[in-house]
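No value in this document is a laboratory result; all are computed from the given coordinates. Everything numeric here is computed off the predicted structure, so don't read it as measured data. Methodologically, a virtual Cβ is constructed for each residue, glycine included, from the backbone with ideal geometry; neighbour enumeration extends over all protein chains shown.
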Amino acid sequence: MALLPILCYPDARLHTVAKAVPEVDSRIRQLAKDMLETMYEASGIGLAATQIDVHQRVIVADVSQEHDQPLVLINPELVWTSPGTHMNEEGCLSVPGIYDGVERFDAVHVRALDAQGASRVIEATGLLSVCIQHEMDHLLGKVFVEYLSPLKRNRIKTKMLKARREDAR
Ligand code: NI
């Protein structure tokens, strides 16, 4: 097991579009384990491979209180989205300390391979639905702050760059 460094916005690598995983092998299983460990350590509820600079379609999530319901989604595809949407406060391990509202589908059905390579459809509602939509955006190179106004986004960018300079001192 290993903790992996998480890329921070604004980092150009966060805008890389991930490629499909050709085969769920031991390397992918290890990647998923390391991603879950990294996510739990950072107190996150989801993590996309993009955020650790691996550009393959792998996401992990766990929205349970007890952190005992890990989900591994490989090559996730939306197969159904609800007609209704709602606004949620979102945060992201790649944009630490920033929370803002993003409009998401109320529910989604996602087809994905699990860590054993088996195809399954997850019917997600509530927080899990929001989390999966957020993580799938990462695989397309999209960070949630890109849904905000240019003014807000620039403020966040400036704040992140300033924090990074202070960390480097
Ligand atoms: Ni995120």
Using the crude model of +1 on Lys and Arg Cβ and -1 on Asp and Glu Cβ, and no other charge, please compute the dipole size for the chain relative to its Cα centre, in debye to 20. 800 debye
Given N residues in region 11-169, what is its alpha carbon radius of gyration divided by 2.2 N^0.38 Å? 1.03
Rounded to the nearest 500, what is the 222 nm mean residue ellipticity of the chain from helices alone, with -39500 (n - 2.57) per DSSP H run of 4+ residues and division by all residues? -9500 deg cm²/dmol
Under the 7 Å Cα-to-Cβ spin-label approximation, residue 42 and residue 146 lie apart by a distance in nanometres of 1.7 nm
What helices does the chain hold that run 20 Å or longer along their axis, going by alpha-carbon atoms, with a Kyte-Doolittle average of 0.0 or more, using DSSP H for the helix calls? 126-139
Straight-line reach from residue 19: which lysines have Cα under 26 Å away, leaving out those fewer than 8 places along the same chain? 33, 142
Here the equivalent ellipsoid of region 80-169, derived from its Cα gyration tensor, has semi-axes (largest first, whole Å) of 29, 17, 9
Rounded Å value of the spacing that divides the Cα centres of region 56-85 and region 25-50: 13 Å
To the nearest 20 debye, region 12-76 has a Cα-centred charge dipole, built from +1 on Lys and Arg Cβ and -1 on Asp and Glu Cβ, of 360 debye
Computed lengthening from residue 107 to residue 85, 0.36 nm per intervening residue step minus Cα-Cα distance: 7.1 nm
Based on alpha-carbon atoms only, what is the radius of gyration of region 1-92 relative to the globular estimate 2.2 N^0.38 Å? 1.13
